[in-house]
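Notes for the one structure printed next.
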Amino acid sequence: MTGAPLNIALIGSGFMGRAHTLAFAAADRTFDLPRSPRVTILADRDLGTATAAAASLGIARASGDWRETIADASIDMVAIATPNLLHAPIAIAALEAGKAVYCEKPLATTIAESEAMTAAAAASGLPTAVGFTYLYNPMIVLARELIAGGEIGEVTAFRGIHAEDFMASADAPFNWRCEPDQAGGALADIGSHIIAMARHLVGDIAAVSGRLHTVYPMRRDARGADRAVTVDDQMDAVVEFANGATGTLAASWIASGHKMGLAFEVSGTRGSIAFTQERFSELRLYRSGPGRTNGFTTICAGPEHGDYGAFCPAPGHQIGYNDLKTIEVKAVVEAAAGLPSAAMSFADALAVERVTDAIRRSHREGCWIGLQAAWAGASAASISS
Ligand SMILES: NC(=O)c1ccc[n+]([C@@H]2O[C@H](COP(=O)([O-])OP(=O)(O)OC[C@H]3O[C@@H](n4cnc5c(N)ncnc54)[C@H](O)[C@@H]3O)[C@@H](O)[C@H]2O)c1
């Protein structure tokens, strides 16, 4: 608890609202921050929900109207942890009111909204950050350093998947993640994480060829009504990176048995790196070479890896998901203070959204979609706007 207060209005108190609250409190005690983050107001869908959640999370004030919290003169930053449909209206209103914005992923529901948010951020000159939490894992920081340092040679391929099974049962209820106008579907909801990871480790994606599949076209909602599902349960894409590497990206929320299978393998001319979020304190590294005992080495996270040591002085004891959120929040506070930061800005997240949008277009049009004019297979018509 060092710097001047950074007063935060949090919108939404579900899974992520709770994670934000815990992370802001922990970050202030874990790191030497330039500002001291304090969630002072919680807004939710109605005052009753907000009041109950604020009491349980130890937040002093509650509101049933997010517009009211944004207008509050004491607020420096707005943290958005709502369904995706609300990201753009809240973020744009907050930026116009002069507040920094920390928004959950995916950036928005459409590429037009994502562009409008990024334009509003640029016009305001205010800091923005987006919650691609898994990029802040000390083992992902290590993977990025190893790749950039040439440890596995020239990268030839990235094969990644974000696999969960929370919708694997036909009885899993229809919810806001199934709504097409809320950026529903596995591609937008969890595919955005593996796209962000691929870009983070390998670089810009130049072209995609993707397919979307709806396995359960009907689900029952909480009121017992049957609702048609038009969004994807799973996505598969072949990709080409700007640096010449190739790969595959997949996302599925019906991947039976996978609870948090954000997993990838990066292959290079002299080795490979393999990772799964289900064992996220480990990174597997293979260095090419002869010998009967040559093979993957498992590197176990410890205080010599990134921010791990801020939580625990002993290797192998492991940190947890909320600690990753705390590391993310450190970057968010640094960005809000105008300092160099590892936070993903709206502009960075827009690049992820362009890939999501290109995969959707590829599925619709049945062809490759180029994202860069320099892509070897590009024709003018196939460049994603
Ligand atoms: N970074 C990550 O690892 C991660 C993980 C899960 C979800 N997310 C993202 O976080 C966001 C929220 O997801 P979640 O899982 O917490 O959802 P959730 O359904 O658990 O919570 C959503 C919250 O928003 C509130 N809300 C709904 N309408 C509102 C309104 N009009 N005004 C104010 N509040 C309103 C709900 O009452 C609830 O408190 C989504 O964008 C999702 O994609 C990110």
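Stokes-Einstein diffusion of the chain at 20 °C, 1.002 mPa s viscosity, Kirkwood radius from Cα pairs, rounded to a whole number: 99 µm²/s.
Could you tell me which residue out of MET218, VAL155, SER169 lies farthest along the dipole of region 118-225 toward its positive end? Charges go on the beta carbon: Lys and Arg +1, Asp and Glu -1, centred on the Cα centre. Farthest towards the positive end: MET218.
Might you report the magnitude of the Cβ-based charge dipole of region 91-151 about its Cα centre, with Lys and Arg at +1 and Asp and Glu at -1, to the nearest 20 debye? Before the final figure, lay out the partial values.
Working: 3 positive and 6 negative charges, 22 e Å.
The dipole magnitude comes to about 100 debye.
Straight-line cross-link partners of LYS259 among the lysines, defined as a Cα under 25 Å from its Cα and at least 8 positions apart when in the same chain: LYS105, LYS325.
Relative contact order for region 1-139: what percent, with Cα pairs under 8 Å and sequence separation of 6 or more? Please list the in-between numbers first.
On the way: 261 pairs, mean separation 29.8, N = 139.
Once divided by the residue count of region 1-139, the mean separation gives 21 percent.
Could you put MET16, MET235, MET218 in order, starting from the residue whose Cβ has the fewest other Cβ atoms within 10 Å?
Working: MET16 20, MET235 27, MET218 11.
The most exposed by this proxy come first: MET218, MET16, MET235.
Please report the relative contact order for the chain, taking Cα pairs under 8 Å with a sequence separation of at least 6, and give it as a percent rounded to a whole number.
Details: 886 pairs, mean separation 70.2, N = 385.
Value for the chain: 18 percent.
Placing unit charges on each Cβ (+1 for Lys and Arg, -1 for Asp and Glu) gives the chain a dipole about its Cα centre, and among ILE140, THR293, PRO340 the Cα reaching farthest toward its positive end belongs to THR293. The Rg/Rh ratio of region 139-199, with both radii computed over alpha carbons and Rh defined as the Kirkwood radius, is 1.15.
Stretching the chain fully between ALA157 and HIS213 yields a gain of 17.7 nm (0.36 nm per residue, less the alpha carbon separation). Listed by Cβ neighbour count within 10 Å, with the fewest neighbours leading, THR51, THR21, THR128, THR298 appear as THR298, THR51, THR21, THR128. Around the amide H of ASP65, modelled in the peptide plane, lie the amide H atoms of ASP44, all under 5 Å away and 5 or more residues distant in sequence or on another chain. Between amide H atoms placed 1.01 Å from N, distances below 5 Å from ALA207 occur with GLU240, LEU371, all of them 5 or more places distant or on a separate chain.
With charges set only on the Cβ (+1 for Lys and Arg, -1 for Asp and Glu), what does the dipole of region 1-93 come to about its Cα centre, in debye to the nearest 20? Computed charge dipole of region 1-93: roughly 140 debye. Restriction of the GluC sites (Glu not before Pro) in region 259-315 to DSSP coil positions whose beta-carbon has at most 14 other beta-carbons within 10 angstrom yields GLU304. Spin-label model, HIS317 to ALA71: label points 7 Å out along the Cα-to-beta-carbon direction sit 4.9 nm apart.
Calculated mean residue ellipticity at 222 nm for the chain: -9500 deg cm²/dmol, from DSSP H runs with n ≥ 4 weighted as -39500 (n - 2.57), summed, divided by the residue count and rounded to 500.
Averaging the sequence gap over all C-alpha pairs within less than 8 Å and six or more residues apart, then dividing by the number of residues, gives region 218-356 a relative contact order of 9 percent. One Cα centroid belongs to region 201-242, the other to region 324-338; the line between them spans 30 Å. Bridge orientation summary for the chain: considering DSSP beta bridges with both residues in this region, about 60 percent are antiparallel.
The numbers here are math on the coordinates, done by the rules we state, and not lab data. Please read all numbers here as calculations on a predicted model, not as lab measurements. Quick reminder, even Gly has a Cβ in these numbers, built from the backbone with ideal geometry, and neighbours come from all protein chains shown.
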